[in-house]
There are 2 protein chains.
Amino acid sequence: MLSFTEENYLKTLLKLTMDERGKEEAGTNELALHLGVKPATVNDMLKKLKQKKLIQYEKYGKIALTKTGRKAGLEVLRKHRLWETFLYEKLEFSWDEVHQVAEQLEHIQSQKLVDKLDKFLDYPEFDPHGDEIPNAKGEFKYRHKVTLSQMEAGKSCKMVAVKDNSAPFLQYVIEVGLGINNHMKVLSIHPYDEIIQIEVNGKVSSVSKKFADNIFVICEDCMKNKPCKFHCK
Amino acid sequence: MLSFTEENYLKTLLKLTMDERGKEEAGTNELALHLGVKPATVNDMLKKLKQKKLIQYEKYGKIALTKTGRKAGLEVLRKHRLWETFLYEKLEFSWDEVHQVAEQLEHIQSQKLVDKLDKFLDYPEFDPHGDEIPNAKGEFKYRHKVTLSQMEAGKSCKMVAVKDNSAPFLQYVIEVGLGINNHMKVLSIHPYDEIIQIEVNGKVSSVSKKFADNIFVICEDCMKNKPCKFHCK
DNA sequence: TATATAAGTTAGACTAATCTAACAAATTTT
DNA sequence: AAAATTTGTTAGATTAGTCTAACTTATATA
């Protein structure tokens, strides 16, 4: 049985090694930053996780999940996203409120609870932020998503997820008129400060690169199954 | 903010001082027994809870909740029972499975979650075991319930709750054909070993005093609002 | 009332998860 | 390649919650 804390380490490690960057490994500082603890603390835990055969790790080297570790991480992520979906769909929580509560709910230990919740929600594939929900086997739909900042001017795309789950960011997303599955067109990207002009439902907004880095989209050609390297920078 | 452990102490203290016995105080050993820890451990925690003004307590004396402590305990109990109701009504959990999972869920910190869950369940007044669910203000319906072992022969009654929430006991209850809101008649109580004969839906069963001690009922006369002391031993 | 038993307390130790401060290794820059 | 910077490690301390073993106080009983 894994502790609350161990679960968080595995989940974070999984997120760091599964997102768009294609990285397979993570570092001590990076992990510390995401977990909100000091690198020294992470170092102690790495020894424990290694000893439990949940990670591969050598002194001064990079950290990678083992098969067992990955499975455990996927289970936590699955629970997190199912709970987010529950809160959003059944309990009228708003987009920006679900994450904080799901951080707690994801650690409830009961296989039956997860399975029944999944069924109750009718086996959802994506959570309210557009993230893939692993199924009972740990599998999930792969979608070639890129950040809005990677799009080229003139292309259209569909927002599918956000990278930042913090309330202030999500509130800003709503302000701009965006949301999961909303379509938009990239009108221009300024060469000097990378300010991006987008059009959503006929309304034109200007957003920063920082903002665009946190919005995941699928470009129009990808949706039509054309190879992606040609239209995403 | 209270810790997981502190919440458990307050909840247990509340349960020990609110049930049918009319006691207002508890002891160190008693608390240790119910929490599954050693008396020494309880003693340490009592100092902490006293310092936080959640209990009234003097060395070698009895333990009582303060107003603040009682309120906190009621909140945990409310969450526990709401979650039990959710698991039973919405996720198809059986009677004997809900308690263990609710022990974990009761510690989730989110006022909004509790309120929304309460609403989602349509403000239930009793949980699947028949226990009263405190409302948002900490109030709950009072019912004059007695144990089945307190009934007199010849009287009829309605089962409203169980005292023991363990799976083996609850499975036994089902075996006998009993359940919440089932009516039964006490046919006889044997003077030697207190074996009780009851009739449920025309079926006659014999149960031990130990069993009957864990079944809460409301007697027929009480249901008709006649004073209780005349018909319950 | 003297004594036996039950109930409660204390001291000292352990574990998990964290910290700070100092140190070591690896990487990047000039 | 030397210096500077970043990244990672170690040692020692802290806190919460738990334990055991020995002790003290209160209560019940002969």
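For the protein assembly as shown, build the charge dipole from Cβ charges (+1 Lys, Arg; -1 Asp, Glu) around the Cα centre, then report which of B:43, B:55, B:217 sits farthest towards its positive end.
B:43
As a quick test, which of the pairs B:53/B:137; B:67/B:116; A:119/B:203; B:79/B:210; A:112/B:163 have an alpha carbon distance above 32 angstrom in this structure? Intermediate values should be presented prior to the final figure.
Values: B:53/B:137 20 Å; B:67/B:116 26 Å; A:119/B:203 37 Å; B:79/B:210 29 Å; A:112/B:163 25 Å.
Going by Cα-Cα distance, A:119/B:203 fall outside the 32 Å limit.
Let me check the size of the range B:106-178 from its C-alpha atoms; what are the radius of gyration and Dmax in Å?
For the range B:106-178, the Cα radius of gyration and maximum Cα-Cα distance read 15.7, 49 Å.
Determine the gain in length on full extension of the stretch residue B:103-residue B:166; use 0.36 nm per residue of separation and subtract their C-alpha separation, reporting nm with one decimal.
21.4 nm
Express the C-alpha Rg of the protein assembly as shown as a ratio against the empirical globular expectation 2.2 N^0.38 Å, rounded to two decimals.
Cα Rg divided by the expected 2.2 N^0.38 Å: 1.24.
Which whole-Hz ³J(HN,Hα) couplings does the range B:48-62 yield from phi under the Karplus relation 6.51 cos²θ - 1.76 cosθ + 1.60, θ = phi - 60°, glycine and proline marked x?
Per-residue couplings from phi come out as 5, 5, 5, 4, 8, 6, 9, 9, 9, 6, 10, 2, 6, x, 8 Hz.
Quick one: compute the contact order of the range B:1-94, relative version, from alpha carbon pairs under 8 angstrom and 6+ residues apart, as a percent.
29 percent
Quick one: if you take sqrt(5λ) for each eigenvalue of the C-alpha gyration tensor of the range B:97-144, what semi-axes come out, biggest first, whole angstrom?
18, 15, 10
Considering Cα pairs under 8 angstrom that are at least six residues apart, work out the relative contact order of chain B and quote it in whole percent.
15 percent
If the range B:1-159 were replaced by its equivalent ellipsoid, with semi-axes equal to the square roots of 5 times the Cα gyration tensor eigenvalues, what would those be, largest first, whole Å?
The three semi-axes for the range B:1-159 are 27, 22, 14 Å.
Regarding the range B:93-233, what whole-number volume in Å³ per residue does the convex hull of its Cα atoms give?
About 126 Å³ per residue, rounded to a whole number.
Sorting B:218, B:180 by accessible area (1.4 Å probe), largest first, what list results? Before the final figure, lay out each step's value.
Numbers: B:218 20, B:180 50 Å².
Result, largest first: B:180, B:218.
For labels at residue A:43 and residue B:182 in the simple 7 Å Cα→Cβ model, what's the distance in nm?
Placing both labels 7 Å along Cα→Cβ, they lie 6.3 nm apart.
How far apart, in nm, are two points set 7 Å out from the Cα along the Cα-to-Cβ line at residue B:67 and at residue B:141?
2.8 nm
Output, in nm with one decimal and in ascending order, the distances from the residue A:59 label point to the matching label points of the other copies (7 Å from Cα along Cα-to-Cβ).
Taking the point 7 Å beyond Cα along Cα→Cβ, the inter-copy spacings are 5.1 nm.
With every protein chain kept in the model, how would you rank B:24, A:106, B:199 by accessible area, 1.4 Å probe, largest at the top?
B:24, B:199, A:106
With the other protein chains left in place, how much accessible area per residue, in square angstrom, belongs to the range A:11-126 at a 1.4 angstrom probe?
52 Å²
Can you list residues whose amide H is under 5 Å from residue B:126's amide H, if they're 5+ apart or on another chain and H is modeled 1.01 Å from N?
Residues meeting the amide H criterion: B:133.
Would you grab the residues whose amide H sits under 5 Å from the one on residue A:55? Only those 5+ places off in sequence or on another chain, please, with H modelled 1.01 Å from N.
Those lying under 5 Å, H to H, from residue A:55 are A:50, A:66.
For A:145, A:11, what's the largest-to-smallest order of accessible area, 1.4 Å probe? All intermediate terms of the calculation are to be shown ahead of the outcome.
Details: A:145 40, A:11 10 Å².
Descending accessible area places them as A:145, A:11.
Quick one: with all protein chains in place, what share of the accessible area of the protein assembly as shown is carbon or sulfur, to the nearest percent (1.4 Å probe)?
It is 51 percent, rounded to a whole number.
Rounded to the nearest 20 debye, what is the charge dipole size of the protein assembly as shown about its Cα centre when +1 sits on each Lys and Arg Cβ and -1 on each Asp and Glu Cβ? Spell out each step's value before the answer.
Values: 74 positive and 68 negative charges, 171 e Å.
About 820 debye.
Each residue of the range B:131-143 in order: what ³J(HN,Hα) in whole Hz does its phi give by Karplus 6.51 cos²θ - 1.76 cosθ + 1.60, θ = phi - 60°, with x for Gly and Pro?
7, 5, 9, x, 7, 4, 8, x, 8, 8, 4, 8, 10
Between copies, how close do the residue B:138 label points come, placed 7 Å along Cα→Cβ, listed in nm from shortest?
Those separations, rounded to one decimal, come out as 4.6 nm.
I'd like the distance between the alpha-carbon centres of the range B:154-218 and the range A:1-72, rounded to an integer number of Å.
Comparing the Cα centres of the range B:154-218 and the range A:1-72, I get a distance of 53 Å.
Just read off the accessible area of residue A:34 with the full protein assembly in place, 1.4 Å probe, to the nearest 10 Å².
Surface open to solvent at residue A:34 totals about 110 Å².
Please compute the alpha carbon radius of gyration of the range A:4-65, then divide it by the globular-protein estimate 2.2 N^0.38 Å. Two decimals is fine.
Its radius of gyration relative to the 2.2 N^0.38 Å reference: 0.99.
Apply the Karplus curve 6.51 cos²θ - 1.76 cosθ + 1.60, θ = phi - 60°, to the phi angles in the range A:174-180 and return the couplings in whole Hz, x for Gly and Pro.
5, 3, 6, x, 9, x, 4
Can you return the aspartates and glutamates within cross-link range of residue B:52? Criterion is Cα-Cα under 14 Å, with same-chain partners fewer than 8 residues away left out.
Candidates past the 8-residue exclusion: B:6, B:7, B:44.
Using a 1.4 Å probe on the heavy atoms of the protein chains only, list every residue of the range B:111-137 that has 30 Å² or more less accessible area in the complete assembly than in its chain alone.
Going by heavy-atom accessible area, the residues of the range B:111-137 that drop by at least 30 Å² are B:112, B:113, B:116, B:120.
The values are calculated or read from the model by the stated rules, or taken from the named source; none is laboratory data. Here the structure is a predicted model, which means the values were calculated and not measured. Positions of Cβ are backbone-derived with ideal geometry, glycine not excepted, and every protein chain shown enters the neighbour counts. Note: accessible area is taken over every heavy atom of the protein model, side chains too, but ligands, DNA and RNA are not part of it. Shrake-Rupley method; radii C 1.70, N 1.55, O 1.52, S 1.80 Å.
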